[in-house]
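Novice: Right, I'll just put the structure down here and ask away after.
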Amino acid sequence: MYEPIACEITLNTILPPELRARYQDVDTIREVLRNARTIAIVGMSTDRYKASNMVGAYLQYEGYRVIPVNPSAEEILGERCYPDLLSVPDPVDVVDIFRPARECVPIVEQAIQKGAWCVWFQLRIVNLESAELAERAGLKVIVDRCIKMEHGRYGGGLHWYGANTEIISARRRR
């Protein structure tokens, strides 16, 4: 089990406190990061300087299988790219969304059809209709958080990149 954290990081979110409690639950985030194996990144860019590509590269490095979803690309980070979630032949655990909020409803509908068990809306991507749709279908939902930052935060690695995790620990990184 994880040690309790000393404080919440709220600087990066635009959600009010009641929605943070609902969509940024620490235990849910940790569970998703611990149990996920395959993450489909919808809106992943071929440009290695874009956030979606950096997140995908980081997740690959950390041992996750990353499946890029982008109708304009053939391959990203050495993985075959798919035009949409329903075209992905393999099971998907987490759907990480890097698309504008107005495009989220059909993505969540596909995530539900695909059998994903979590939908993760990246930083500043807030579509409550989509989040509630995923919740009603029984999916875990994370909104307005970066999966890379959260992984680094709970894995104890963010401080290596100069980021303040607001977690104080004497444990060495594994």
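Novice: Among the residues of the stretch 136-146, which ones are of a type outside the set (A, V, I, L, M) and closer than 14 Å to residue 104 by Cα?
Specialist: Result: 144, single match.
Novice: What do you reckon, is residue 35 closer than 21 Å to residue 150 by Cα, polar (S, T, N, Q) and surrounded by fewer than 18 Cβ atoms within 10 Å (Cβ to Cβ)? Before you say what the answer is, go through the steps one by one.
Specialist: Working: closer than 21 Å to residue 150 by Cα: yes; polar (S, T, N, Q): yes; surrounded by fewer than 18 Cβ atoms within 10 Å (Cβ to Cβ): yes.
Yes, satisfied.
Novice: Mind listing just one residue for me: the one in the stretch 63-117 that is basic (Lys, Arg) and under 14 Å from the mean Cα position of the chain (by Cα) and, of those, surrounded by the fewest Cβ atoms within 10 Å (Cβ to Cβ)?
Specialist: 65
Novice: Out of all the residues in the stretch 90-102, which are part of a helix (DSSP H, G or I) and under 18 Å from residue 51 (Cα atoms)?
Specialist: 101
Novice: Residue by residue through the stretch 41-85, note down the ones that are in a loop (DSSP other than H, G, I, E, B), farther than 16 Å from residue 107 by Cβ and among the hydrophobic types (A, V, I, L, M, F, W, C).
Specialist: Once the filter is applied, which keeps residues that are in a loop (DSSP other than H, G, I, E, B), farther than 16 Å from residue 107 by Cβ and among the hydrophobic types (A, V, I, L, M, F, W, C), the stretch 41-85 yields 73, 77.
Novice: Would you confirm whether any residue within the stretch 16-29 is aliphatic (A, V, I, L, M), part of a strand (DSSP E or B), in contact with a strand residue (DSSP E or B) (Cβ under 7 Å, 6 or more places away or on another chain) and at pLDDT 95 or above?
Specialist: no
Matching residues to (1) of a type in the set (Val, Ile, Thr); (2) within 21 Å of residue 36 (Cβ to Cβ); (3) touching a helix residue (DSSP H, G or I) at 6+ places or on another chain (Cβ under 7 Å); (4) at pLDDT below 85:
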| site | (1), (2), (3), (4) |
| --- | --- |
| 113 | no, yes, yes, no |
| 116 | no, yes, no, no |
| 133 | no, yes, yes, no |
| 137 | no, yes, yes, no |
| 148 | no, yes, yes, no |
| 154 | no, yes, yes, yes |
| 157 | no, yes, no, yes |
| 160 | no, no, no, yes |
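Novice: Output the residues belonging to the stretch 117-155 that are in a loop (DSSP other than H, G, I, E, B) and within 18 Å of residue 98 (Cβ to Cβ). Reasoning before the result, please.
Specialist: Applying the first criterion (in a loop (DSSP other than H, G, I, E, B)) to the stretch 117-155 yields 117, 122-127, 137-139, 143-146.
Once the filter is applied, which keeps residues that are in a loop (DSSP other than H, G, I, E, B) and within 18 Å of residue 98 (Cβ to Cβ), the stretch 117-155 yields 122, 123, 124, 125, 126, 127, 139, 143, 144, 145, 146.
Novice: Hey, can you tell me all the residues within the stretch 118-159 that are crowded, with 20+ Cβ neighbours inside 10 Å and of a type in the set (Ser, Thr, Tyr)?
Specialist: 130
Novice: Another question, then. Failed condition for residue 108, given (1) touching a Ser or Thr at 6+ places or on another chain (Cβ under 8 Å); (2) aliphatic (A, V, I, L, M); (3) not in a helix (DSSP H, G or I), with all others met?
Specialist: (3)
Novice: Same structure, new question: Which pairs have Cβ atoms under 7 Å, sit 6 or more apart or on different chains, and link a residue in the stretch 72-86 that is within 12 Å of residue 46 (Cα to Cα) to one that is outside any loop (DSSP other than H, G, I, E, B) and among the charged types (D, E, K, R)?
Specialist: Sorted first by the residue in the stretch 72-86, then by its partner, the pairs are 81/75.
The values are calculated or read from the model by the stated rules, or taken from the named source; none is laboratory data. All figures in this text were calculated on a predicted structure; none of them were measured in a lab. In this analysis, Cβ positions are derived from the backbone assuming ideal geometry, glycine residues included, and neighbour counts consider all displayed protein chains.
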